[in-house]
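Below is one structure, written out as structure tokens, with a few remarks after it.
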Amino acid sequence: MDKYNLNEKSKIRSVFKIAGPITLGVGVILLIIAMVDFFGVFNGNGGFPTLFFLGFIGIPLIGIGAAMTQFAYMGKIARYTAGQMAPVAKDVTNYMLDGTKDSISGIVSSVANEIKAPSATPSKCPSCGETTNPGAVFCDHCGRPLFKVCPECNTKNNPDARFCQKCGKPMGIY
């Protein structure tokens, strides 16, 4: 915690906790004096307002005091906000995941199955182009083989493969 120099920031926060509200209070008092003086003219006192210029000093002091007070308590406000928002974000995330976990698990399992055992059976016959049935070894239309089996590792390969896609050995003749 010391690598972020939090002790020095703690001192600044302590100054802001005292100076911020004081500056804010002085600014509010000056603005009230200016407004009473300005609107007092319309109450029959006559003459021009003499202390109205204090409003031009009070308004910036209000802004500066409010900013200093905000900086003094910003960490506490942020921690409070995070404490209120985190459970809501967790609930929203769980709600969204609950509605999609079945479809996500289906996608993940199909991808995992494809990675574990990729299908060497083409969806179309490489010789005649007709659609083949899943799990078929020969084409229903032309009778040609849909894949070659490696004599070394028994992996299914494309029918025109010269070398095995898994072990790299020559395929030889069907």
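For segment 138-152, a residue qualifies if it is part of a loop (DSSP other than H, G, I, E, B) and either within 17 Å of SER127 (Cβ to Cβ) or touching a Phe, Trp or Tyr at 6+ places or on another chain (Cβ under 7 Å) (or both), and the qualifying residues are CYS139, ASP140, HIS141, CYS142, GLY143, ARG144, LEU146, PHE147.
For first residues located in segment 18-31 and more than 11 Å from PRO60 (Cβ to Cβ) and in the same structural domain as LEU51 (by TED's automatic domain parsing), partners that are exposed (fewer than 15 other Cβ atoms within 10 Å of the Cβ) and among the β-branched types (Val, Ile, Thr) and lie 6+ apart or on another chain with Cβ distances below 7 Å do not occur. Take the conditions in the same structural domain as SER10 (by TED's automatic domain parsing), part of a helix (DSSP H, G or I) and surrounded by 11 or more Cβ atoms within 10 Å (Cβ to Cβ) and apply them to ASP91. Does it pass? Criteria not met by ASP91. Of the residues in segment 73-86, at least one is closer than 30 Å to LYS11 by Cβ, part of a helix (DSSP H, G or I) and touching a residue at least 40 places away in the same chain (Cβ under 8 Å). If you go through segment 162-174 and keep only what is modelled with pLDDT of 85 or more and assigned to a loop (DSSP other than H, G, I, E, B), you end up with ARG162, CYS164, GLN165, LYS166, CYS167, GLY168, LYS169.
The values are calculated or read from the model by the stated rules, or taken from the named source; none is laboratory data. Remember, it's a predicted structure, so these values are computed and weren't measured experimentally. When we count neighbours, we look across all protein chains shown, and the Cβ atoms used for this are built from the backbone with ideal geometry, even at glycine.
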